[in-house]
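What follows draws every value from the coordinates through simple rules; no lab data is involved. Given the structure is predicted, the values throughout are model-derived calculations rather than measurements. Cβ sites come from the backbone with ideal geometry, for glycine too, and all protein chains shown count toward neighbours.
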Amino acid sequence: MERIYLDHAATTPLDPRVLDAMMPYLSRCWGNPSSVYMEAQEARRGLEEARRTVARILGCRPQEIIFTSGATEANNLALRGVAYAMAARGRHIVTTAIEHHSVLHVAERLEKEGFRVTYLPVDGEGFVELGALEEAVGPDTILVSIMYVNNEVGTIEPIAQAVQIVKGRNPKALFHTDAVQAVGILELDVGRLGVDLLTIGAHKFYGPKGVGALYIRSRTPLLPQQLGGAQERNRRAGTENVAGIVGMAKALELAYEERDLRVAHYRALRDRLLWELPQRLAGVYITGPKDPDRRIAHIASFCIEGVEGEGVLMALDLEGIAASSGSACTSGSLEPSHVLRAMGVPETLARGSLRLSVGRENTMEQIERVLAVLPQVVERLRSLSPLRRAAPRER
Ligand SMILES: Cc1ncc(COP(=O)(O)O)c(C=O)c1O
């Protein structure tokens with residue numbers, strides 16, 4: 001049976017061209033980039049070339065890029081690094097109720113350590129309430145962290161507008177955005193966005209796992225969170241993952257070279273899913289924005305009445321289809337998604353959440369197969385549901 005992979009928001013396959021770019025750094029150029037001899041210099045050149053590539057696409061200077069072990073580490077470093085460095089100036093942090101846990105759990109920990117955190121509400125489509133942002137930012141606000149694109153429902157947050165509001169209220173407050181789900185699809189120019197810190201993670205754009213980057217605007221106060229050697233200009237200790245970093249830069253370069261074609265392809269597949277599934281199956285509701293321009297091109301998300309998301313995923317898997325009920329981190333736990341809860345989705349409906357995220361290798365034929373199989377799977381599960389079977393007796 002042909003497998004159909006529809007979980008690109010969780011991770012993407014490695015592009016063979018990226019693997020080719022990485023290979024020399026996994027074999028021939030194995031030197032430690034911090035050493036002085038020839039073997040090291042080759043690795044150093046690869047590392048710095050990658051830094052220049054990432055900086056070019058983000059519209060910043062190479063020295064403003066710090067390589068990390070992934071987006072989780074970059075988010076941790078952004079929040080903790082800034083909070084601890086600026087604690088003497090203020091102890092208020094603003095974020096949203098729908099961030100990825102690599103931001104939310106850090107914010108919760110900082111709260112325990114004496115920082116005050118405001119969690120901004122979102123509307124029914126997942127858009128952050130800008131009025132609440134304006135009200136929240138005050139003279140003691142040191143950092144605002146708002147994600148660029150929500151990973152569960154695909155909402156594109158108005159980052160440039162949010163930055164303006166924050167800087168208007170308090171020019172000293174720093175702005176961080178987790179741009180993980182935006183890379184390769186949306187504008188990533190940090191100057192145009194106006195952000196001070198921005199997170200990316202390579203495996204969401206056909207790069208390798210275990211590598212990411214944090215853009216940090218020059219002169220931004222930041223206390224390193226990983227201590228040891230002097231790598232990354234003393235801001236992130238540890239020998240760099242040279243092959244991974246070279247792969248990330250190549251993947252980023254390809255993503256922006258091929259952006260128009262890729263985005264048009266994602267949108268065609270996503271729109272077919274978004275508009276057709278509710279036609280074919282009763283009790284299906286789109287989650288996130290209905291306006292196709294205000295949701296990210298690769299994510300279609302729904303809530304399905306009368307089923308558990310996990311059950312749908314398992315049944316789809318048996319049919320050869322890989323999907324998700326939201327973020328990879330919440331699946332497997334019985335807790336309904338914090339994102340859907342913040343959007344006001346009733347808990348029983350939130351349990352039936354489904355995220356289909358498309359990618360380069362998907363075809364329209366695959367989408368048609370999903371549209372044929374999914375209603376059958378859901379109807380079968382609904383007919384087995386104890387609630388359904390009990391219903392006729394109650395009437
Ligand atoms: C929005 C967002 N931020 C951060 C992460 C964390 O990425 P990683 O697990 O690769 O560190 C993810 C991964 O799902 C994500 O979607």
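Quick query: amide H of ARG116 versus all other amide H atoms, modeled in the peptide plane; which residues come in under 5 Å with a sequence gap of 5 or more or a different chain?
Amide H to amide H, under 5 Å and 5 or more residues apart or across chains, ARG116 pairs with HIS92, ILE93.
About its Cα centre, what dipole magnitude does the stretch 83-141 give when the only charges are +1 on Lys and Arg Cβ and -1 on Asp and Glu Cβ, stated in debye to the nearest 20?
In debye, rounded to 20, the stretch 83-141 gives about 420.
Projected onto the charge dipole of the chain (+1 at Lys/Arg Cβ, -1 at Asp/Glu Cβ, origin at the Cα centre), which of THR287, LEU374, CYS29 gives the Cα projection farthest towards the positive end?
The residue sitting most towards the positive pole is CYS29.
So how do ASP196, ASP123, ASP7 line up by other beta-carbon neighbours within 10 Å, fewest first?
ASP123, ASP7, ASP196
With springs only between Cα atoms under 10 Å apart, run a GNM on the chain and tell me which of ARG109, ARG351, ARG259 wobbles the most.
Judging by the Gaussian network model, the answer is ARG109.
Roughly what would the spin-label model give for GLU258 and GLN63, points 7 Å off Cα along C-beta, in nm?
Modelled inter-label distance: 3.5 nm.
Would you list ILE185, ILE299 from fewest to most Cβ contacts within 10 Å?
On the way: ILE185 22, ILE299 28.
The fewest-first ordering by Cβ neighbours comes to ILE185, ILE299.
Among SER353, SER385, SER324, whose mean-square fluctuation peaks in a Gaussian network model of the chain (Cα, cutoff 10 Å)?
Most flexible of the set in this elastic network: SER385.
If each residue's Cβ is checked for other Cβ atoms within 10 Å, how do LEU130, LEU269 rank with the fewest at the top?
Result, fewest neighbours first: LEU130, LEU269.
Straight-line reach from LYS250: which lysines have a Cα under 25 Å away, not including same-chain ones fewer than 8 places off?
LYS204, LYS209
With runs of 4+ DSSP H residues as the only contributors, calculate the mean residue ellipticity of the chain at 222 nm using -39,500 (n - 2.57) per run, divided by the residue total and rounded to the nearest 500. Provide the component values of the computation, followed by the final result.
Values: 15 runs with 173 residues, N = 395.
Calculated at 222 nm, the ellipticity per residue is -13500 deg cm²/dmol.
Between ALA83, MET314, ALA264, whose Cα lies farthest towards the positive end of the dipole of the chain when Lys and Arg beta carbons carry +1 and Asp and Glu beta carbons carry -1, centred on the Cα centre?
ALA83
Over the stretch 16-257, what is the relative contact order in percent, taking alpha-carbon pairs closer than 8 angstrom and at least six residues apart? Walk me through the numbers on the way to the answer.
Working: 493 pairs, mean separation 64.7, N = 242.
Relative contact order comes out at 27 percent.
Measure nothing but the geometry: give the 0 to 90° angle between the long axis through the Cα atoms of 309-318 and the longest principal axis through the Cα atoms of the chain, rounded to 10°.
90
Could you give the dipole magnitude of the chain about its Cα centre, charging the beta-carbon of Lys and Arg +1 and that of Asp and Glu -1, in debye to the nearest 20?
560
Given Cβ point charges of +1 (Lys, Arg) and -1 (Asp, Glu) and nothing else, what value in debye, to the nearest 20, does the dipole of the stretch 268-355 about its Cα centre take? Working shown, then result.
Working: 9 positive and 11 negative charges, 60 e Å.
With only Lys, Arg, Asp and Glu charged at Cβ, the dipole is about 280 debye.
Once every Cα of the stretch 44-111 carries one equal point scatterer and solvent is ignored, give the base-10 log of I(q)/I(0) from the Debye formula at q = 0.19, 0.21 Å⁻¹, two decimals.
Values returned for q = 0.19, 0.21 Å⁻¹ are -0.85, -0.93.
Picking from GLY126, GLY168, GLY70, which is most flexible by a Gaussian network model of the chain using Cα springs under 10 Å?
GLY168
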